[in-house]
1. Please list, in order, the residues from the stretch 35-49 whose amide nitrogen is less than 20 Å from a point placed 7 Å along the Cα→Cβ vector of residue 15.
2. Between residue 30 and residue 60, take the C-beta separation as r, use R0 = 25 Å, and let me know the FRET efficiency to the nearest 0.05.
3. State the label only: which of (i) 7.1; (ii) 7.6; (iii) 6.6 corresponds to mean projected area of the Cα convex hull in nm² computed from the shown model?
4. Which trypsin sites (Lys or Arg not before Pro) in the stretch 43-119 pass both tests, a DSSP loop state and at most 14 other beta-carbon atoms within 10 Å?
5. What is the Cα centroid distance between the stretch 97-119 and the stretch 68-93, reported in whole angstrom?
6. Among the lysines, which fall within straight-line cross-link reach of residue 5, defined as a Cα-Cα distance under 16 Å, with same-chain neighbours fewer than 8 residues apart omitted?
Amino acid sequence: MPNRKAVFVVDDDPTLLRGLQRLLRKRGFDAVLFESAAALRNHKDFEEACCLILDINLGDGSGIALRQELRDAGILLPVVYITGNDNQQTRLAAIESGCLAYLVKPFAASALIQSIEQI
């Protein structure tokens, strides 16, 4: 695991964001929370992050498309996708975009932490 221990979390559900923040802090990570794709796009310091937890269906766009935008901008953070709307097409697109894990809500906390710890 790199010295950077911040995990960026993007989800449009404030309750889920708070829950993930508590879980990550309990496991020794700093959680930096974003309620939209736009909020993450406006963030300037990606160097502090070790990975990104990214909801696929955001209110203001696709998490998979956001991942591609970041990659095109040279931001190559490992990604864990989370979604409440699992289907084969989305799953394949997520896997093809490259990810540490693809987790369907509700997911086990241990599955998320194991994904992050493999970095």
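Only the coordinates and a few stated rules stand behind these numbers; no lab work does. Just so it is clear, the structure is predicted and the values come from calculations on it, not from any experiment. Don't worry about glycine lacking a Cβ; one is built from the backbone with ideal geometry, like all the others, and counts go over all protein chains shown.
1. Hits in the stretch 35-49 for residue 15 at 20 Å: 35-36.
2. Working: r = 24 Å, r/R0 = 0.97.
Here the calculated transfer efficiency is 0.55.
3. Read-out taken from this structure: (iii).
4. Numbers: sites: 44, 67, 71, 91; in loops: 44.
Passing both the DSSP loop test and the Cβ count: 44.
5. So the separation of the two Cα centres works out to 12 Å.
6. 26
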